[in-house]
Each structure stands twice: as C-alpha cells, then as structure tokens.
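Peer 1: Input: one structure, supplied below.
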Amino acid sequence: MGIDRRKFVKVAGLAALGFAARPPIRAFGQEITGESLEIRESKAGELLSGAVEEIKRAPHPPKNANRWAMVIDLRKCREHQDCTACIDACHKIHNVPSYPKPKDEIKWIWKEHFNHAFPDADHDFIEEEVKHSNALLLCNHCDNPPCVRVCPTQATWKREEDGLVMMDWHRCIGCRYCIAACPYGSRSFNYREPKKFLEEQGIKPQPDFPTRTRGVVEKCTFCEERLARNLWPACVEACPYNALTFGDLDNADDPVRILLHDNFTIRRKPGLGTQPEVYYIV
Amino acid sequence: MSDTGKIVIGLIVFLILMTFPIWYNIVNGVTPIQDPEIATQNVPGKNQCVRPVEYMRAKHMNLLNQWRDEVVRRGDRYTEGPNGELIEKSLSNTCMDCHSNKENFCDRCHNAMAVDPYCWNCHIMPSEAAETEMAMSTTPEEEN
C-alpha cells in the first residue's frame, strides 16, 4: 500500500485548506492587478443613486481587440429623438448616397421604430415612451453571421482576429443572397450608380474612402478602415451624447463590458442564433 | 456551279473588310502612342516611384491587384518604399499623390491600348474629391 490513513487525512486537509483560501487570494490578486472591481462597484453605486456618470471614452480604441462589439444606450437616443449626428457622420465619410426613393435606399446606420427593431421584445402594454421611440440600427457583426454562410464568392467574410464581418466590394457579384440571409436588414443593394448620383446632387465624395458601384451590396463595416488607423468608428466619435460605446468584448475591463455588466441589455432577434454583437440598453 | 462569280466577289469583299484596319493605318499613318505624363514636381520628398519604372510599366496592374488583396482581405496596409520608408498601399492615397493627372497619366495609355479598368467606378479621383474634414487622413501614428 502506498498511502495509509494518516497520510490521506493529512493530504485531504491540506487540499481543503487550499480551496478555502482560494476566493480571498483571488480577490486580493484582483485588487493588485486592476481596479476593475472598484470601478464596477462605484459605477453600481452611482446607478443606485441615480446619477450615472459617463464612462469616458479613451482618445483611441484599444489596439488588439479580440471581439469588437457596441453598446447603444437607447435612453440617451430617446432624449434626443431628432439627433442624426451618427448617421450623418457615417454616411458622409463613407460616401453613402441618400436616394429619394425608399426602394433605392442605402443603409449603414439608420433609425427604425422600436417594435420593428425588436419584434421579440414588443407587446401591447410596453412602456409608452419606448413604444413610440426609434432604435438606432446597424450591422450587428454577428458571431455567427448568416450572410457569410451564403456568400458564394466570399466577398463577405468574418475576420477571425476581431470578429468583424467584412466586405470586399471588389469581389461582390451582386447576387443578393446575403440580403436575403440577413435577418436585420443591414445590407443594401446598389440599384443605381452611386457616383453619378452624388455628382448629380453636387456632393463631392470623400477621397479617402471609395464609393461603391452599381450591382454591389454594401453595409456597415464597424469602420474597419478607421480602426486600422487607431481611430474610433465615425458614429461613436460623432455622437454628442456618448450614447454609443465601442470596444473589446473579450476584455473584462473594457467600457463595453462594464456597461454590459451594470445594465440590462437586449439584442435584436436573439432567438435566431446569429449572436449579434450590438447590445442595446433600453 | 453558276454562282462561282458571286462567291468570289463575296470573298473579296469579305477580305477587304477584314483587313480594313491594316489598309486604314497604311493610308493614314499610325497614330503614335503618347508617353504618359508624370507630374511629380508638386510632391516634396517624393521623387521616386514605389517600384522601378520598368516594373511599373509592365506590371503595375499586378501590383495594384496584389495591394488590393493584401489590404482588403488581410488588413496588411503598409509596404516598404524604394528608400526603405513606409508607404500606404493605396491607389487613391499613395499613387495619385504623384500621378494626380489621371487624364494624361492613366487614361492616355489605357485608351490607346483599349483597356478599361474599373478602378474609378468606385475609387475617387483627386479631381472629383472633396476636402477631407474628419481625421481620416492621419498618418499611422505610433502604429509601426
């Protein structure tokens, strides 16, 4: 026999002691390594007292994110129903034309009536203020994107490093399978020649970003081209009320995670299993 | 075989029509292809192309396609220039800095060669662009 009763009891006792010591050691470790706990606690305290202080946005987004995500505070959007700062900024720098006919409409970020945006969350007796409000919508950059599955040319694909659902407009053949697959209406088809229309409207395109061409599908890219230059997405930067928070979902100390931790959030059509990465505080 | 005459006449007409471009050029003389015009004088510090001239003449389309794939598909945005400096792989933001005269630089050759690249269906020529207002044109600060 390798072990007698006396030895067994000793080892078991030590192991039990180790387990008992784990939580205090971990808490102690967190206190040293990061102040995340404190931030969260103070944040929760402010929430309880009713005075929510803004989480200040850093001058630049984090460099190496594993999973980009966005939290939209619809409470702030409801306070300023007429504000279109984010939409204007996005559509301007990405040369998105605003066609007069709804059939031609190109949408990167747009507003939609609450019960259309969240059919699962809607019922007859929902809070009046919410019922008659608009929600701010954009591509959800799903973790399990149906548009990517159906694209026959891999013109749209999920970037594995940071989860962005990307578009390669050079490769899009305009089959519109992705439009049929996307349950959020986040994709638009160019029925008209955007450059020509911008010219007709007397709008000079921004030189740093191409327009698209007729017969190509387009959508929000979470400002991939700006992230590469270490800039926040245009909508996030443009919002005067700090209603849009963007960050790395994989980092527990990221403002996005702190907001998700402290607030009840919903996502659009979660039952479809697409795992959207745009979260809404209602 | 009473149709021989008609067939021969038809064949002759066909041959003349087929070889018309050759006759036309012999009679009118060949229009010389104008050399593309390079306007680099306006860009201080840039007096050399990103690759040798011979390479660019023959293979610029390959380089552009390669850049496109690297930037769009892999997010690999910068490459080394002729003097070891860092340059952005961008048609609108790098090439057009020096070759801003698209009409005399790109189009002249492309028209003579009857090629119709679709770059400008989407990408913005310097002449049609607005002034940038948002901070898109910042250099890749502390990036590399």
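Peer 1: Suppose we keep only residues that are of a type in the set (D, E, K, R) and more than 7 Å from chain A (Cβ to nearest Cβ) within the stretch B:113-132. Which one would you say is farthest from A:E200 (Cα to Cα)?
Peer 2: B:D116
Peer 1: Residue check, A:D88 against (1) assigned to a loop (DSSP other than H, G, I, E, B); (2) among the acidic types (D, E); (3) surrounded by fewer than 16 Cβ atoms within 10 Å (Cβ to Cβ), all met but one. Which one?
Peer 2: (1)
A quick yes/no check of all residues on (1) surrounded by 15 or more Cβ atoms within 10 Å (Cβ to Cβ); (2) of a type outside the set (S, T, N, Q); (3) in contact with a Leu (Cβ under 9 Å, 6 or more places away or on another chain):
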| residue | (1), (2), (3) |
| --- | --- |
| B:Y55 | no, yes, yes |
| B:N62 | no, no, no |
| B:Q66 | no, no, no |
| B:V71 | yes, yes, no |
| B:D76 | no, yes, no |
| B:T94 | yes, no, no |
| B:D97 | yes, yes, no |
| B:N101 | yes, no, no |
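Peer 1: State yes or no: is A:R187 within 14 Å of chain B (Cβ to nearest Cβ), buried (at least 16 other Cβ atoms within 10 Å of the Cβ) and basic (K, R)?
Peer 2: no
Peer 1: Continuing with the same structure: Looking only at the stretch B:32-41, decide whether some residue is in a helix (DSSP H, G or I) and closer than 27 Å to A:E225 by Cβ.
Peer 2: no
Peer 1: Then there's this: Hey, could you check the stretch A:64-87 for residues that are within 14 Å of chain B (Cβ to nearest Cβ) and at pLDDT below 95 and say which is nearest to A:L137 (Cα to Cα)?
Peer 2: Of everything passing the filter in the stretch A:64-87, A:A65 is nearest to A:L137 (Cα to Cα).
Peer 1: Then there's this: Scanning the stretch B:82-112 for residues that are more than 23 Å from A:P207 (Cα to Cα) and in contact (Cβ under 8 Å) with a residue 40 or more places away in the chain, which turns out farthest from the other protein chains (Cβ to nearest Cβ)?
Peer 2: By that ranking, first place goes to B:A112.
Peer 1: Find the residue count for the stretch A:193-202, including only residues that are surrounded by fewer than 16 Cβ atoms within 10 Å (Cβ to Cβ) and in contact with a helix residue (DSSP H, G or I) (Cβ under 9 Å, 6 or more places away or on another chain). Before you say what the answer is, go through the steps one by one.
Peer 2: Step one: of the stretch A:193-202, the residues surrounded by fewer than 16 Cβ atoms within 10 Å (Cβ to Cβ) are A:196, A:199-202.
Now drop any that are not in contact with a helix residue (DSSP H, G or I) (Cβ under 9 Å, 6 or more places away or on another chain), which leaves A:199.
Residues meeting the conditions: 1.
Peer 1: Then there is this: What's the number of the condition B:R73 fails, among (1) charged (D, E, K, R); (2) away from chain A (no Cβ under 14 Å); (3) touching a Phe, Trp or Tyr at 6+ places or on another chain (Cβ under 9 Å); (4) part of a helix (DSSP H, G or I)?
Peer 2: Failing condition for B:R73: (2).
Peer 1: Could you check how many residues of the stretch A:249-267 are part of a helix (DSSP H, G or I) and more than 12 Å from the chain's Cα centre (by Cα)?
Peer 2: 5
Peer 1: Output yes when any residue across the stretch A:216-224 is polar (S, T, N, Q) and either away from every other protein chain (no Cβ under 14 Å) or buried (at least 17 other Cβ atoms within 10 Å of the Cβ) (or both), and no when none is.
Peer 2: yes
Peer 1: Taking only pairs six or more apart or across chains, which ones have beta-carbon atoms under 9 Å, a first residue in the stretch A:168-183 that is on the phi > 0 side of the Ramachandran plot and at pLDDT 95 or above, and a second residue that is surrounded by 17 or more Cβ atoms within 10 Å (Cβ to Cβ) and outside any loop (DSSP other than H, G, I, E, B)?
Peer 2: A:G174/A:F189; A:G174/A:V217; A:R176/A:F189; A:R176/A:V217
The values are calculated or read from the model by the stated rules, or taken from the named source; none is laboratory data. Computed from a prediction, not measured in an experiment: that's the story for all the values here. Positions of Cβ are generated from backbone atoms using ideal geometry, with glycine treated the same way; all protein chains shown enter the neighbour counts.
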